[in-house]
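Structure record follows, encoded as structure tokens.
The values are calculated or read from the model by the stated rules, or taken from the named source; none is laboratory data. Every value quoted in this text rests on a predicted model; they were computed, and no experiment measured them. Every residue, glycine as well, gets a Cβ built from its backbone with ideal geometry; the counts of neighbours run over all protein chains shown. Surface accessibility is based on the protein's heavy atoms, side chains included, excluding ligands, DNA and RNA. Shrake-Rupley method; radii C 1.70, N 1.55, O 1.52, S 1.80 Å.
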Amino acid sequence: MMTKSNFTKKSLLILMVLFTVFQMSGYSQEEVVAENDSATKIKKGWNFGGLPVVSYDSDLGFQYGLLGSIYHYGDGSRYPEFDHNFYVEASRYTKGSGIFRFAYESDRLIKNIRLFFDVSYIPDDAYDFIGFNGYESVYLTPWIDRDNVNYRTTAFYKLSRKMFRTRADLHGKLSIKNLYWTTGAEFYNLQIGSVDIDKFNKGKDEEDLLPSTEEMPGLYERYQDWGLIAPENSQGGNVFGLKGGLMYDSRNTRAHPTKGIWSEIGLFYAPGFANDVDKGYLKLYATHRQYINIIKKRLTFAYRVGYQTSIVNKGPWYTDQFIITSSLRGASSEGLGGGKTLRGIKRNRVVGDGVLYGNLELRWKVIYFQFIGQNFYIGLNGFMDAGQVVKLIPIKDQVGAIGENQTTEFIEVSDYFDLGAESMHIGYGAGLRIAMNENFIIAVDYGRATSEKDGSSGLYIGLNYLF
């Protein structure tokens, strides 16, 4: 649970980030035009924006690095639409986790096709693992609270995961207005194991040392012992998938739409011969987003509804948290839970074979202004997020066997499982947006969970609107 002192520290860090935003302009011509009684500088040529990454976590350490975007607006006739966008991020935590990412987007490299390309390496020394099927897996915060008499270890609901990812997504127009075809290919290599306790204990006082996973197994180790994670894929593997679908897009802009619809439906196929599984599997995914302009250039209501499920076979356990999309809008698309899906709810809290989720946002652009020769606006938003597992991962037989076969260590099954308990998970909160030249958008969101079974709250600093 976030204490008042921790929240104060994080609030100060937010201010540090926001006050250290920098802007560098390369060769860029500008043309000033009037729009709704305000002057807007039409950007041409190259434009650069960057943001220092600064945060702190008592177990992961300080996060440091840079992220930035390079935009090319061409002759400016399509502004705020761009011809090319290059995105780079390199950040690390002092104890090993990080994000190293390059992304590219353009509708001019290939004629009549929008290309999205991403290559990333994302090591995570403390990746959240809270079990399967949402509330059917019990999450006990006293076990990870050092000040609680029932404390076990802060690493109990963690594992180590190193992910390499590369993907290419293509969108092309069809003859019907606003209708597009989508396709793509994705490859992941996931290396999974127990938390490196020695790394987390480095430099700590004796009373703060974490117990080894042999002395105090976490949930990941216990799931292996109980047969919920099969030995042959307990340490991850390769994932290769092909996508295809349709998309309807009538948004007036892509970075911060104020009106229109953006919906997609598609299939994701992972063939058995190209994956570390015996059989290939097929998933259906669908997302509907709509933007309603309440006050022009000022107030917008936006909502998103998403659904995905396996329809032929099932992928390995380490793919269940992936949220399939026709293109990435951030460093990851995983959950449900966390800054990209259900804000305020613990990351990966809602994991199942099929999930349904939704987000409601009221977006207010408070003020427009020009600074250091660039167009800025500051926005506020209030939100509510919700999600639920609608197709469960089958665990009933394995859970039953835990109670029947206890020999060396007594396990209170109710401390780990509450079969039949899954229901809607809800979070709510507010956010801040600082946008430069319409496309480079700094995002800060603070969300709270309505149920203690989902954690308490979350603070997220990154780029762009959620959807």
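Which of rounded, prolate or oblate describes segment 128-191 when judged by the alpha-carbon gyration tensor and an a/c cut-off of 1.5?
Working: a/c = 4.88, a/b = 2.60, b/c = 1.88.
Verdict is prolate for segment 128-191.
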Report summary line: Using the Kirkwood radius over Cα pairs of segment 240-327, the Stokes-Einstein translational diffusion coefficient at 37 °C and 0.692 mPa s, in µm²/s and rounded to a whole number, is 224 µm²/s
Report task. With the full set of protein chains in place, find how many percent of the accessible area of segment 308-467 is carbon and sulfur; take the probe as 1.4 Å. Result -> 58 percent
Report summary line: Expressed as a whole-number percentage, the relative contact order of the chain with C-alpha contacts under 8 angstrom and at least six residues apart is 11 percent
Requested in this report: Mind ranking Arg222, Arg254 by accessible surface for me, highest first, 1.4 Å probe?
Outcome: Arg254, Arg222
Query raised in the report: Which order do Leu209, Leu284, Leu109 take when ranked by solvent-accessible area (1.4 Å probe, heavy atoms of all protein chains), largest first?
Result: Leu109, Leu209, Leu284
Report summary line: The set of residues whose placed amide H lies less than 5 Å from the amide H of Val53, leaving out same-chain residues fewer than 5 positions away, is Gly65, Leu66, Leu67
Report summary line: Residue-normalised value, i.e. accessible area per residue, for segment 377-467 at 1.4 Å probe, in Å², stands at 45 Å²
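In what sequence, highest mean first, do 167-179, 148-160 appear when ranked by Cβ atoms within 10 angstrom? Don't skip to the answer; put the middle values down first.
On the way: 167-179: 14.4, 148-160: 18.7.
Ranked by mean Cβ neighbours within 10 Å, highest first: 148-160, 167-179.
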Query - Average silhouette area of the chain, convex hull of alpha-carbon atoms, in square nanometres - result: 22.7 nm²
Query raised in the report: In whole percent, how big is the carbon plus sulfur part of the accessible area of segment 80-195, probe 1.4 Å, protein atoms only?
Result: 58 percent
Query raised in the report: Can you give the accessible area per residue of segment 57-142, in Å², using a 1.4 Å probe?
Result: 39 Å²
Query raised in the report: Points 7 angstrom from Cα along the Cβ direction at Val399 and Leu360: gap in nanometres?
Result: 3.0 nm
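What's the ranking of 230-239, 184-193 by average number of surrounding C-beta atoms within 10 Å, highest first? Walk me through the numbers on the way to the answer.
On the way: 230-239: 15.4, 184-193: 17.5.
Highest to lowest by the protection proxy: 184-193, 230-239.
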Query raised in the report: Roughly how many Å² is the accessible area per residue of segment 143-256, as a whole number, for a 1.4 Å probe?
Result: 50 Å²
Query raised in the report: What ³J(HN,Hα) values, in whole Hz, does the Karplus curve 6.51 cos²θ - 1.76 cosθ + 1.60 give for segment 162-173 when θ = phi - 60°, with x put for Gly and Pro?
Result: 10, 10, 9, 9, 9, 8, 10, 10, 10, 10, x, 6
Report summary line: Taking Cα atoms, the helix 4-19 axis meets the longest principal axis of the chain at an angle in degrees (rounded to 10) of 30 degrees
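Mind scanning Lys158/Lys453; Lys43/Lys296; Lys296/Lys346; Lys177/Lys314; Lys162/Lys314 and naming the pairs with a C-alpha gap bigger than 24 Å?
Values: Lys158/Lys453 17 Å; Lys43/Lys296 22 Å; Lys296/Lys346 35 Å; Lys177/Lys314 36 Å; Lys162/Lys314 22 Å.
Exceeds cut-off: Lys296/Lys346; Lys177/Lys314.
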